[in-house]
Each structure stands twice: as structure tokens, then as C-alpha cells.
Amino acid sequence: MSTASSRYSPINIALHWVMLLLIAAVYACIELKGNFVRGSEIREGLKHWHFMLGLAIFALVWLRLLGRLIGKTPAIQPAPPSWQTGLSHLMHLALYVLMIGMPLVGWLILNAEGKPAPFFGFELPMLVQKDHGLAESLEGLHEFGGIAGYWLIGLHAVAGLLHHYVIRDNTLSRMLPARG
């Protein structure tokens, strides 16, 4: 049975899983858009939701970082070797760079294309002036980040499952929602 000190806080757990759903939705929107004719209402809607959900991730990631800074990280039992802890820290750093960098680059792309970034009925401020060359460069970076994100998220999930089912420590159970 898990004790409170062996688990993340309910807020951190909720943010983790909500952000997973948002990230999945961002990827789904951008992947599905290619199935529709350019300029069609559904394609433009999927792009719009991709932008807004990406920016929601950008907003929520700061709450997650705050939670990590002020909250306690429950210990993994049994304690893993230091090399695993080091890899875990690198993975989490890479995921945070992804959750901050991808929405920010997306925002910059829109601005460099001369468009404001939409955020649930608001238009976010322009960060850069219209610059077609900058937009193209940033699009390449954004695509690379998207591919890297698939790998990082996949490795993160595999590591959690490996720890749970093979190593049999509490790595995954620390972040699972509490059962009623």
C-alpha cells in the first residue's frame, strides 16, 4: 500500500496526466490535419487546436516546474543505481525542454509568418516581426522537436513500465492516480 510520502502530490499527479492528454491531443491534431484538404475548415480547425493546446502545455509546464521546486519528490524504493538516477534526470530535463521549447517555437513561427498566436479567444503578443526566412528555419526546428518528442515520450513510458513490471520498484506507482 502506498503512503502519502511515497507518492507525488495529487496536484502533481493530475498535472502529469492532464499534460499527457494535452500532448497526445497536440500530436493528434497535427497528424490528423494531413488527412484533410488545404484550406478546409476541419484542417484549419485542427491547426488552430494544435496551436492552442500547445500553448496550454506551455502555461501548465510552469505549474509543473513550480510543483517540482516546492514539492517533495518521493523516493524510489528500492533505490536505483546512480546511473539510472542520472539518466532519469536527463530524461526529465529533455521533456521539460520539449514542453517549453516546442510551444515557444510554435508561437515564434506563427509570429514570423505574420500571424498572432491564438489562445482560447485571445491573441498573444507578437514576439518577432514577420520574417519568412525565420519562419522556415523555425519550422524545421519544430519538426525535429516533434520527432524527438515521440522518442522521448516513448522512452519515458517504456522506462516507467520497465520499472513497474521488470525491476518492480515504485517508480511508476508514485505517479499513478490513487485508487478509491
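Could you order the peptides 135-145, 70-80, 93-103, 50-60 from most to least packed, using the average number of other C-beta atoms within 10 Å per residue?
So the order, starting with the most tightly packed, is 50-60, 93-103, 135-145, 70-80.
What Kirkwood hydrodynamic radius do you get for the chain when you take the inverse of the mean 1/r over all pairs of distinct Cα atoms, in Å?
Result for the chain stands at 18.0 Å.
Which residues' amide hydrogens lie under 5 Å from the amide hydrogen of Leu172, considering only partners 5 or more residues apart or on another chain, with H built in the peptide plane?
His164
Kindly give the semi-axes, whole Å and largest first, of the ellipsoid equivalent to region 40-90, taking each as the square root of 5 times a Cα gyration tensor eigenvalue. Can you show the working numbers first?
Working: eigenvalues 272, 44, 13 Å².
Rounded to whole Å, the semi-axes are 37, 15, 8.
Whenever you get a sec, line up Val128, Val37 from highest to lowest accessible area (probe 1.4 Å, protein heavy atoms).
Result of the area sort, largest leading: Val37, Val128.
Taking amide hydrogens as modeled 1.01 Å from N in the peptide plane, which residues meet the under 5 Å criterion relative to Leu124, leaving out close sequence neighbours?
HN-HN under 5 Å from Leu124: Ala117, Phe119.
When only Cα pairs under 8 Å and 6 or more residues apart are kept, what is the percent relative contact order across the chain?
Rounded, it is 24 percent for the chain.
Which lysines have a Cα lying under 29 Å from the Cα of Lys47, excluding residues fewer than 8 positions away in the same chain?
Cα-Cα hits under 29 Å: Lys33, Lys115, Lys130.
Could you work out the relative contact order of region 26-131? I mean the mean sequence separation of Cα pairs under 8 Å and 6+ apart, divided by the number of residues, in percent.
On the way: 84 pairs, mean separation 27.2, N = 106.
Dividing the mean separation by the residue count of region 26-131 yields 26 percent.
Per the 1.4 Å probe, what fraction of the accessible area of region 11-143, in percent, lies on carbon and sulfur atoms?
70 percent
The values are calculated or read from the model by the stated rules, or taken from the named source; none is laboratory data. In this text the structure is predicted, and so the values were computed from the model without any measurement. Ideal geometry is used to build each Cβ from the backbone, glycine not excepted, and the neighbour counts take in all protein chains shown. Each accessible area value is taken on the protein alone, full model and side chains, heavy atoms only, with ligands, DNA and RNA left out. Shrake-Rupley method; radii C 1.70, N 1.55, O 1.52, S 1.80 Å.
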